[in-house]
Every structure is written in structure tokens, then in C-alpha cells.
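Data block below; observations after.
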Amino acid sequence: MENKTKNRPIAIQLSGVKKMYKLGQIGGGTLTADLQSWWARVRGREDPNTKIGTDQRLIGKTFMALNGIDLTIYKGEALGIIGTNGAGKSTLLKLLSRVTAPTEGEIDINGRITSMLEVGTGFNGEMTGRENVYLNGAILGMTKAEIDAKMDQIIEFSEVGDFIDTPVKRYSSGMYVKLAFSVAAHLDSEIMIMDEVLAVGDMKFQRKCLGRMGDAAGTEGRTVLYVSHNMNTIRQLCTRCVVLNQGKIIYDGDVEEAIGIYMQNEIRDLSKDIDLTSLKHVLKSPDVCMERFTFTNPSGPMLQQRERFSFQIRIRSKCCMNDMRMRGMIFFADDTPVAMATTKLGDMNIVPGSNMFSGEINVSNLAPGAYHVKLALYCTNEYGGEQLFDVIEHAAHFTITDTRVVNGMAWNHPRWGRTSLDDILITGTEYT
């Protein structure tokens, strides 16, 4: 990374940046309220301005949202920022957008910034869409003539032309984000900062936005910072990626390497025997529920490629169910759906009490990688409809451990997908 970028101009430089928040200490809104709270603390009395139910133990404690960030971002880069919830992604973007200031450290920014940290950032609800375009342009230091030159492009891209002279408080969330993104993408700024707000728009507009950000970084030489939990959009847009964890950068470099590290942090410890009652059930019937899932393979959840995984599942019921079925949906570690399998009708006859079933799922064609299983118990009625009894999103995790080498390369998930087919069989040869 350093060899490729060391001669490029720097857009953003962060050195030893920290951001600390004090938990439990919130201003009362007026000087009088703040003085009342201070005097109560001095006397050891209850704060008269604290809401009932507030945990008093938090007062005086601190939380390091960012804890020593050193990062150099070069002009023309499309940088992805990923991490679990609470890792510090949004805090970092707020610092760069000057919404808040760092507790320690220095931030040097070379160029004007447009940012979308949430839907409608910087918009005035009482003003029309057109007026908000002028407002955002003025904030960036653009003249009216410069904004006029961009106005037609902004309106066309936003797809809200019929409502451009309507107050934006009447816009739907989708219309809001379309206009906000169009403004950020077309006004003259050297740096674009995008939090995961594109999820509000429809799929067609999301693809349009990703293409526009790609053009901004690639063709126009602008710097793009993009936060998302959608790994496919990170792959499409970004040329470099950082992983945040507990306020620190734990990786900075190749996009695929970063995504792999992020997903490993997301995956629960692989267990051979899983207490399903301790997991979060999306839906749970009081009459029938899944209690325990056990891998019965010799290696447990660490499967060899071309191996089926076998299991036992314990189901507790209060009644007889002769038409119960189970569905297993398999997802890749980034939550991409991969496959689905169901039991046959009549294979799971439920009786009152504890029911133990053994079975297996054919995963022999899955490519190497980490996967998880979503389990659902259901019945079908005479009209083909389903009645769900119990659903668990991440019921079990397993890993295909073999690294299949193809033409000298390890399996490439982004290019080749999640399914590893058998070798191509040449059935005949003819020379002319």
C-alpha cells in the first residue's frame, strides 16, 4: 500500500486521534438546571434533573469511542470503513465532517467536504428541495452561479424533479436520500463522506449511487470515504479498506483481507454442541421449540470439503404434531444466502415432551469458507400456506476447511461464488 501511494497527495491525515465521551453527564439545557445538578452532586443528593430510571453508576465514567487513530488517506482513493456496531465508524466520520472535535490528536484535511451521515443531513425541512441545494452549495463556499450550473444535473440525478419546489419535510425518506446524495455527489467538493444511508433508497438508485461514487474517485480524482455493513458494495466501490474494532484500527489494506478479518470478528466461536434456548429466537411458539443442536461429525463444525454434515436436534413440544417440518437455510459469513434444504413431509412426527431427531445436510458442493445456518420449524396447511413455530437466525456456524486450489489460486469467493462444482468432464475430443 505504501509503495503505491507514497507519491500521491494526501487528502486527510489523522495522528493520534482520540474521542472520549462522559457517560451519564448530560447538560440540563439551561444554566439554572446545570447549576442545580452540580449543587446536588456536591451535597451528595439526587440530581433533580435526572430522569427516573437513569443508572447513577454511570456518572463520571468515560467511554473511548476512538482510542488512538493514525490514518493517511490519499486523494482519489475510495476508502471503505467497516467494523461491528460500536466500533467507532460513525464517530470517525463525525470528526472528519467537523460535527464534533477530537479529545486528543490532530486531523488535517486538504479540500472541501460533503458528507451524508444520516438521511437529510444539513437540510432544512421548511425549505424546498431547490432552496436546500443552494443552502448546501453556500455552505461549501460556492457562488450562486456555480450552483446554477450544476442544478439541472442535480435534479436529474435525484429523480425528484416534480417535487424540487416542495418543502423537503413532505418528502419520503427515499426522496430525501436521493436529493441529499445528488447534492453531495455533484457540488464541488474534493472529499465525499458517506455513512450507510443508501440503504433507504431503492435497488436501482443504490446501483446508480455506487456508480457515481466510483466515477468520483476514479475519473474525477475525488476522495470517497464509505461506511457500510454490506460487503458487496464495499467490494464494488472501494480500493482500500480499514477495519475498526473497539475504537482502534486493526487492519488497513486490501479489501478482501479486510472483509475476511471483519467477518471472523463477527462469527461466534464454533461449537459442536449448541444450547438453542440461550440464543435469540426470531419467533418462538409456546407449544413447540428447538432446544439443542449438535454436530455429530467427528470434526464437529470444521468440515472437510465434499463432506456432508450430520447433526442431532432436540425439540420440545406440548402436543402431537404429525406434519412438522424443518427448514435449514445456509448463509455465507457476510449474510449472503447460499442454499436451503427441508425435511420431507412425515419425517418429523412430534410427540409431547422431548423429541430427538438425527439428520444430515449435503453441503458437499460449498466452497471453502465460513457459513451459518438459520433453522425454522413449520407446518403446511391444505392450501399450501405455512405456519411458523420457531425460527433462529444464527442457530449454528460451520466452516469448510479445505483450501481448494484452482489453477494455482485459492478459492476466490467474489469472482467464483460460494458453490464448488465437480471438475468439468471432457466427454469427447475432435481435431480438424
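The values are calculated or read from the model by the stated rules, or taken from the named source; none is laboratory data. Keep in mind that this is a model prediction, so the values were computed, not measured. When we count neighbours, we look across all protein chains shown, and the Cβ atoms used for this are built from the backbone with ideal geometry, even at glycine. Just the protein is used for accessible areas: all its heavy atoms, side chains included, with ligands, DNA and RNA removed. Shrake-Rupley method; radii C 1.70, N 1.55, O 1.52, S 1.80 Å.
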Collect the residues in the stretch 147-179 that are exposed (fewer than 14 other Cβ atoms within 10 Å of the Cβ) and touching a residue at least 24 places away in the same chain (Cβ under 8 Å), keeping them in residue-number order.
Q153, D165, K169, S173
Cβ contacts < 6 Å: first residue assigned to a strand (DSSP E or B), restricted to the stretch 219-230; second residue among the acidic types (D, E), any location; separation 6+ or different chain. Result?
T223/E77; V227/D195; V227/E196
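Looking at the stretch 402-428 only, could you name the residues that are among the hydroxyl-bearing types (S, T, Y) and either at pLDDT 75 or above or within 21 Å of the chain's Cα centre (by Cα) (or both)?
Of all residues in the stretch 402-428, those among the hydroxyl-bearing types (S, T, Y) come to 403, 419-420, 427.
Result: T419, S420, T427.
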Out of K89, K94, sole residue that is among the basic types (K, R), in contact (Cβ under 8 Å) with a residue 24 or more places away in the chain and open to solvent by 10 Å² or more (accessible area, probe 1.4 Å):
K89
Selected residue (criterion: nearest to G16 (Cα to Cα)) from residues of the stretch 99-153 that are among the small types (G, A, S) and not in a helix (DSSP H, G or I)
G105
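Look through T401, T336, T429 and report the one residue that is surrounded by fewer than 18 Cβ atoms within 10 Å (Cβ to Cβ), out of contact with any strand residue (DSSP E or B) (no Cβ under 7 Å at 6 or more places or on another chain) and in contact (Cβ under 8 Å) with a residue 40 or more places away in the chain.
Answer to the selection: T336.
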So, of the residues in the stretch 263-277 that are closer than 25 Å to P298 by Cβ and open to solvent by 70 Å² or more (accessible area, probe 1.4 Å), which turns out to be modelled with the lowest pLDDT?
R268
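Which of the residues that make up the stretch 278-288 are under 16 Å from H394 (Cβ atoms) and either surrounded by 13 or more Cβ atoms within 10 Å (Cβ to Cβ) or among the hydroxyl-bearing types (S, T, Y) (or both)? Lay out the reasoning, then the answer.
Initial filter on the stretch 278-288 (under 16 Å from H394 (Cβ atoms)): 278-284.
S278, L279, H281, L283, K284, listed by residue number.
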Top-ranked residue in the stretch 298-328 [being surrounded by fewer than 18 Cβ atoms within 10 Å (Cβ to Cβ) and either touching a Leu at 6+ places or on another chain (Cβ under 9 Å) or under 30 Å from G83 (Cβ atoms) (or both); ranked as modelled with the lowest pLDDT]:
Q305
Of all residues in the stretch 368-398 being open to solvent by less than 70 Å² (accessible area, probe 1.4 Å) and more than 25 Å from M356 (Cβ to Cβ), which is modelled with the lowest pLDDT?
G384
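If you scan the stretch 70-95, which residues turn out to be part of a strand (DSSP E or B) and within 15 Å of the chain's Cα centre (by Cα)? Talk me through it step by step, then tell me what you get.
Taking the stretch 70-95 as the starting set, the residues that turn out to be part of a strand (DSSP E or B) are 70-74, 78-83.
Of everything in the stretch 70-95, those that are part of a strand (DSSP E or B) and within 15 Å of the chain's Cα centre (by Cα) turn out to be G80, I81, I82, G83.
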